[in-house]
Amino acid sequence: MIINVERLPECKAILRIEVSDKDAKSERKVIVGLYASQAKIPGFRAGKTPSSIIEKRFKGGIENEFEERIVKQAVQQATENENLDIIRVTEVRDKNHNSDGTYTATIELVTAPEFSLPDYKGIDVKVPASAVTEEQLSEALDQIRERFAEYNDIGDRAVALQDFAVIDYKGSINGKTVGEVLPSAPATLAQNSGFWLKMADESFLPGFCEGLAGAKCGDTRDVSVTIPDDYPAEELRGHTIDYTVELKEIKEQILPDLNDEFAGKVEAGKSLEEIKGSLRAQMEQQREGHRREIITNQVLDTINSDLDFDLPQEIVMRETQSRVNDIVNSNSERGISEDEIMENQEKIIQTAGEQANMSVKTSFILEQIAEAEDIKVSREELLGRVAEIAARNNTPVKKLTKQLEKQNGFGRIYNGLRIQKTLDFLRESASITEVDPEDTKD
């Protein structure tokens, strides 16, 4: 088989193939033989039907089988000899069974991107210290105390910092609803009713509580705040929101004393020291998970920033559509109208596209690192994950196994485990420096 390869942008390629008369005849002979061995033709014993009759009777099926086999052979040859990493065949066109007996066709392909990995071992990362300090433990205990707190009504004075205010509020940006301007903004940023707010900057947006301080029950205040530069959602930073706030009630919080009686309310039969020990262990486990996330993000950010390459747009578009659906569903659940969503569809698509590009790019990088490091998933690991999924969904393992076999689910689970092991490898090989938590906020 003669193959000419044309590499195209956006991870596409075209194979132009030509199968000689001799090879085409040989391939057809094999296929006709398979049909003959299974065909039941009246007047002939099984396997004894003349080839001419088989070819005439099953002409369409034979030609389809021939073309499928040729495409598979061409893809395999291109993979082995032309160094093409083929993801899938998108189209087979210009198929010609020529008068001289040769067969020609054009095969359109999606290929994996080609790039050289940068240094990915020993990447410098900064993480917060893992030890839980007494101050942090005390803060966590205070949060638990707040769950058992009592609240006294205050009606004879204005609201002050550290009080609890019960408020209704609604925000706007230049006269438009927050959802219209910022469709990805959380619902609580737009409006709320009967909202309990601790009068402290860390409870809401900076400046909101200060603007409300001094108001009395029944008062309505206009408060303008600007979303800070360190706000988690980058697309929301710098926007100024104008709020109309009605103060409904003022509450004073009374915390329980920190003693064994309080500990018994948290967990029956436990002392305060036992509660502290359990809480410290939980905090350390949470901090370790947070550290892993920080390490992962910093490592991937570094690798991504060092690489720029074309991506298969077919895959990017599929991922973009999935993320658009997620954003639209999220907005709908938050009460954003369909009209508002449609008005902001360009912004939604842009945001989803940026996220999809980064996700697809990262996936290819991790796959290539896994190949470079020969990272594999054992049968025991694969079956162990299947058992976990079955237990989580309360499904018998045998039933889940059959479902996975039908849906190629084992391949997805294998790839997921391989990516996890690759991320573990990158974290383990990173050069970690412990710093003050303030230095890792970005």
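The values are calculated or read from the model by the stated rules, or taken from the named source; none is laboratory data. Note that the structure is predicted; figures quoted are calculated from it, not measured. Don't worry about glycine lacking a Cβ; one is built from the backbone with ideal geometry, like all the others, and counts go over all protein chains shown.
Note on the range 309-333: residues that are in contact with a helix residue (DSSP H, G or I) (Cβ under 9 Å, 6 or more places away or on another chain) and loosely packed, with under 15 Cβ neighbours inside 10 Å amount to 9. Scanning the range 21-38 for residues that are touching an Asp or Glu at 6+ places or on another chain (Cβ under 8 Å) and of a type in the set (D, E) turns up just one, D21. Of L400, L366, all but one fail to be modelled with pLDDT of 95 or more and surrounded by 13 or more Cβ atoms within 10 Å (Cβ to Cβ); the exception is L366.
Which helices (runs of 4 or more DSSP H) does the range 370-435 wholly contain that include 3 or more residues that are under 30 Å from Y120 (Cα atoms) and more than 22 Å from the chain's Cα centre (by Cα)?
Output list reads 379-392.
Screening the range 223-239 for residues that are part of a helix (DSSP H, G or I) and surrounded by 12 or more Cβ atoms within 10 Å (Cβ to Cβ) and picking the one that is farthest from the chain's Cα centre (by Cα) gives L236. Restricting E246, E252 to residues that are at pLDDT 95 or above and surrounded by 13 or more Cβ atoms within 10 Å (Cβ to Cβ) narrows the list to E246. None of N357, N331 is in a helix (DSSP H, G or I) and in contact with a Leu (Cβ under 8 Å, 6 or more places away or on another chain) except N357. Just one of (1) farther than 13 Å from A78 by Cα; (2) surrounded by 13 or more Cβ atoms within 10 Å (Cβ to Cβ) fails for I3. It is (1).
Residues in the range 177-193 that are out of contact with any strand residue (DSSP E or B) (no Cβ under 9 Å at 6 or more places or on another chain) and modelled with pLDDT of 90 or more: 0 in all. Regarding E10, is this residue under 30 Å from V360 (Cβ atoms) and either modelled with pLDDT under 90 or under 39 Å from the mean Cα position of the chain (by Cα) (or both)? Yes: the conditions hold for E10. Evaluation of S431 against the conditions (1) surrounded by 13 or more Cβ atoms within 10 Å (Cβ to Cβ); (2) in contact with a Gly (Cβ under 6 Å, 6 or more places away or on another chain); (3) of a type in the set (S, T, N, Q) shows that the sole unmet condition is (1). Screening D119, D163 for residues that are closer than 30 Å to E10 by Cβ, among the charged types (D, E, K, R) and not assigned by TED's automatic domain parsing to the domain that holds S429 leaves exactly one candidate, D119.
Mind telling me which of the residues D424, D436 ends up being exposed (fewer than 11 other Cβ atoms within 10 Å of the Cβ) and under 30 Å from P128 (Cα atoms)?
None of the others qualify; the one that does is D436.
Count, please, the residues in the range 15-71 that happen to be hydroxyl-bearing (S, T, Y) and at pLDDT 85 or above. Matching residues across the range 15-71 total 2.
Looking only at the range 63-119, how many residues end up being part of a strand (DSSP E or B), of a type outside the set (K, R) and under 27 Å from V360 (Cα atoms)?
Within the range 63-119, residues that are part of a strand (DSSP E or B), of a type outside the set (K, R) and under 27 Å from V360 (Cα atoms) number 11.
Considering the range 125-176, and only residues there that are among the hydroxyl-bearing types (S, T, Y), modelled with pLDDT of 90 or more and surrounded by fewer than 19 Cβ atoms within 10 Å (Cβ to Cβ), the residue that is farthest from F195 (Cα to Cα) turns out to be S138.
Consider the range 73-86 and keep the residues that are loosely packed, with under 15 Cβ neighbours inside 10 Å and touching a residue at least 60 places away in the same chain (Cβ under 8 Å). The one that is nearest to A112 (Cα to Cα) is E82.
Residue-level check: of (1) of a type in the set (D, E, K, R); (2) closer than 28 Å to V125 by Cβ; (3) touching a residue at least 12 places away in the same chain (Cβ under 8 Å); (4) in the same structural domain as V360 (by TED's automatic domain parsing), E340 misses just (2).
For the range 137-149, indicate whether the set of residues that are touching a residue at least 40 places away in the same chain (Cβ under 8 Å), under 30 Å from P42 (Cβ atoms) and in a helix (DSSP H, G or I) is non-empty.
Step one: list which residues in the range 137-149 are touching a residue at least 40 places away in the same chain (Cβ under 8 Å), which gives 137, 140-142, 144-146, 148-149.
Applying the additional criterion that residues be under 30 Å from P42 (Cβ atoms) yields none.
No, that holds for no residue.
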